[in-house]
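*Asks:* After the structure tokens below, expect a handful of questions from me.
Every read-out reported here was derived from the displayed coordinates using simple, explicitly stated rules and does not represent laboratory data. This one's a predicted model, so the numbers in the text were calculated from it and none came from an experiment. Neighbour counts run over all protein chains shown; Cβ positions are idealised from the backbone, glycine included.
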Amino acid sequence: MADNPNKKGDSFQDADLLIFEGVDKHSSKSVHSLLRRLLAEALNIEEQLIQLEHPVDLSRGDFALTNALTNAKVEQTNPRELALKYAQVIENDEGLKNIIEKTEVAGPGFLNIFLRKDFLCKYVLKASRDQNFAENDLFSGKSILFEYAHPNPFKAFHIGHLRNIILGESLIRLLENLGATVKRVNYQGDVGMHIAKNLWALRKVNEKDFPEGTDERVKLLGKTYVEGATAFTESEQAKAEITEINKLIYSKEDPSINKLWETGKKWSLDKFAEIYERLYSTFERQYMESETLPYIDTLIDKALDEGILKRSQGAIVFAGEKFGLDTRVFLNSEGLPTYE
């Protein structure tokens, strides 16, 4: 392996030049491309002939150089000995020292390459400050509907919702950076027994005593939910009353329940909006479960006609056993839709 007169490895002594943007391994700015070029210069092999792979087991390195397996015959040596020679050259190369921590020869002649942590950290930090890092048009022209968040009004926003939003935001921003048009939507359960339990207790609070601040309002909703949920399990009278309130939520026949429902829902959504703002999340549309109610009868009738759903003990269910699933209740014996 003769010295390469065109070698420019020492130019990478400058820490700023260790940072290369891009995700495409064929890009002149990618880590893959940089490593290929420096290896080609150090080993005096044409760049397009450098064979770099990612090990399946990451404990074996960030890249694996396989040229020793293919070049051993030409060099009139065995692949493992050639890989050891490559490792020695890499160890003594000034340019590669700045990005490679160590090499290990494995198997018949694989040369596993471990990148320096400080190099990778600088690369990642640079990327984190660049809003257009790895931007490309892989999904250009595609429109994606992305549903996430899902906190329910009248109940506490918890760490599971936070995880959902962070994961959703991360994926959405990746998709947008790949050229996709992403429509952000949120689906929330604003009807059901959890709300009936809350309203059962909330209606006992004098409207004049309703708190003013958003935080205090959601604290009150948390308190009334616990009170209603506890009463539902401990008192048959409370259970009957809550069941009746649940029917009124769906039928909208009681103006006082309707008003309380609207009030509590607004309190919850106001608090959720504050959280979304802190997380830099926005939605094109926030769908509410109550919006689906006008379509329920038609869709369930159609599903019954097609044999997808069936009647069972006064309820309408999906018999999932033959599909390896549990039976799911879509309309309970009270004629009300369930969370399914």
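*Asks:* Would you mind checking which residues have amide H under 5 Å from Met288's amide H? H placed 1.01 Å from N; only 5 or more apart, or other chain.
*Replies:* HN-HN under 5 Å from Met288: Gln188.
*Asks:* In terms of modelled amide H atoms, which long-range or inter-chain residues lie less than 5 Å from the amide H of Ala149?
*Replies:* Counting only residues 5 or more places away or on other chains, the set is Ile165.
*Asks:* Compute the Cα gyration tensor for segment 232-327, then decide on rounded, prolate or oblate, letting a ≥ b ≥ c be the square roots of its eigenvalues: rounded whenever a/c is under 1.5, prolate when a/b is larger than b/c in the other cases, and oblate in all that remain.
*Replies:* Oblate, since a/c reaches 1.5 and b/c is not below a/b.
*Asks:* Quick check: pseudo-label points 7 Å beyond the Cα along Cα→Cβ at His158 and Thr282, how many nm apart are they?
*Replies:* If labels sit at His158 and Thr282, their model points lie 3.1 nm apart.
*Asks:* Would you list, by chain and number, the lysines whose Cα falls below 22 Å from the Cα of Lys322, excluding same-chain residues fewer than 8 positions away?
*Replies:* Straight-line reach from Lys322, under 22 Å: Lys302, Lys310.
*Asks:* Report the Cα centroid-to-centroid distance between segment 320-340 and segment 178-251 in angstrom, as an integer.
*Replies:* Spelled out, the Cα-based centre of one part sits 23 Å from the other.
*Asks:* When only DSSP loop residues count, what chymotrypsin sites (Phe, Trp or Tyr not before Pro) in segment 256-313 have their Cβ near at most 12 other Cβ atoms within 10 Å?
*Replies:* Tyr280
*Asks:* Hey, another quick one. Give me, ordered by chain and number, the residues 5 or more places off Ile144 or on other chains with an amide H under 5 Å from its own placed amide H.
*Replies:* Thr181, Val182, Lys183
*Asks:* Let me ask something else. DSSP loop trypsin sites (Lys or Arg not before Pro) in segment 224-322 with at most 16 other Cβ atoms within 10 Å of their Cβ, which ones?
*Replies:* Working: sites: Lys239, Lys247, Lys252, Lys259, Lys265, Lys266, Lys271, Arg278, Arg285, Lys302, Lys310, Arg311, Lys322; in loops: Lys252.
Sites meeting the loop and neighbour criteria: Lys252.
*Asks:* Output the Kirkwood hydrodynamic radius of segment 42-94, Cα pairs only, in Å rounded to one decimal. Display every interim value, and only then the final one.
*Replies:* Numbers: mean 1/r = 0.0840 Å⁻¹.
Computed over Cα pairs of segment 42-94, the Kirkwood hydrodynamic radius comes out at 11.9 Å.
*Asks:* Classify segment 79-120 as rounded, prolate or oblate from the Cα gyration tensor: take a ≥ b ≥ c as the square roots of its eigenvalues, call it rounded if a/c is under 1.5, otherwise prolate when a/b beats b/c and oblate if not.
*Replies:* Cα axes put segment 79-120 in the oblate bin.
*Asks:* With a ≥ b ≥ c taken as the square roots of the eigenvalues of the C-alpha gyration tensor of segment 120-189, please select rounded if a/c is under 1.5 and otherwise prolate if a/b is larger than b/c or oblate if it is not?
*Replies:* Cα axes put segment 120-189 in the oblate bin.
*Asks:* Just to confirm a number: summing +1 for Lys and Arg and -1 for Asp and Glu over residues other than Trp200 whose beta-carbon lies under 9 angstrom from that of Trp200, what do you get? Don't skip to the answer; put the middle values down first.
*Replies:* Details: positive: Lys197, Arg203, Lys204; negative: Glu227, Glu241.
Taking every Cβ under 9 Å from that of Trp200, the sum is +1.
*Asks:* What percentages make up the Cα-Cα pair-distance distribution of segment 75-224 when the bins are 10 Å wide from 0?
*Replies:* For segment 75-224, the pair-distance distribution reads 9, 19, 17, 17, 16, 10, 7, 4, 1, 0.
*Asks:* Over 31 Å between C-alpha atoms is what I'm after, so list which of Lys126/Lys155; Lys126/Lys219; Lys208/Lys247 land there.
*Replies:* Cα-Cα > 31 Å for Lys126/Lys155; Lys126/Lys219; rest within.
*Asks:* Which listed residue (Leu178, Ala201, Asn246) has the Cα farthest towards the positive end of the charge dipole for the chain, taking +1 on Lys and Arg C-beta and -1 on Asp and Glu C-beta about the Cα centre?
*Replies:* Going by the charge dipole, the pick is Ala201.
*Asks:* Sort Phe154, Phe318, Phe210 so the one with the fewest other Cβ atoms within 10 Å of its own Cβ comes first.
*Replies:* Phe210, Phe318, Phe154
*Asks:* Can you give the Rg to Rh ratio for segment 143-291, taking only C-alpha atoms and Rh from Kirkwood?
*Replies:* Taking Rh as the inverse mean 1/r over Cα pairs, Rg/Rh reads 1.04.
*Asks:* Shifting gears a bit: Size of the dipole of segment 143-291 about the Cα centre, Lys and Arg at +1 and Asp and Glu at -1 on the beta carbon, nothing else charged, in debye to 20?
*Replies:* Numbers: 21 positive and 23 negative charges, 39 e Å.
Dipole of segment 143-291, to the nearest 20 debye: 180 debye.
*Asks:* Could you list the chymotrypsin sites (Phe, Trp or Tyr not before Pro) in segment 193-258 that lie in coil according to DSSP, counting only those with at most 14 other Cβ atoms within 10 Å of their Cβ? Each step should come with its number before you reach the end.
*Replies:* Working: sites: Trp200, Tyr225, Phe232, Tyr250; in loops: none.
Qualifying residues, ordered by number: none.
*Asks:* In addition: Using Cβ contacts closer than 10 Å as the measure, can you line up Thr298, Thr327 from fewest to most? Show your work: numbers first, answer last.
*Replies:* On the way: Thr298 9, Thr327 12.
Going from least to most buried by this count: Thr298, Thr327.
*Asks:* What is the order of Glu212, Glu274, Glu262, fewest Cβ neighbours within 10 Å to most? List each step's numbers first, then the result.
*Replies:* Values: Glu212 6, Glu274 14, Glu262 11.
So the residues, fewest neighbours to most, are Glu212, Glu262, Glu274.
*Asks:* Then there is this: Measuring from the lowest to the highest alpha carbon on each principal axis, how far does segment 56-148 reach, largest first, in angstroms?
*Replies:* 58, 27, 22
*Asks:* Using r as the Cβ-Cβ distance of Glu147 and Glu47, and R0 as 56 Å, what FRET efficiency do you calculate, to the nearest 0.05?
*Replies:* The pair Glu147/Glu47 has a calculated efficiency of 0.80.
*Asks:* Can you tell me how much longer the chain between Asn206 and Thr298 gets when fully stretched, taken as 0.36 nm per residue apart minus their C-alpha distance, in nm with one decimal?
*Replies:* 29.2 nm
*Asks:* Sum -39500 (n - 2.57) across every DSSP H segment of at least 4 residues in the chain, then divide by the residue count to get the 222 nm mean residue ellipticity, nearest 500.
*Replies:* The per-residue figure over the chain is -15000 deg cm²/dmol.
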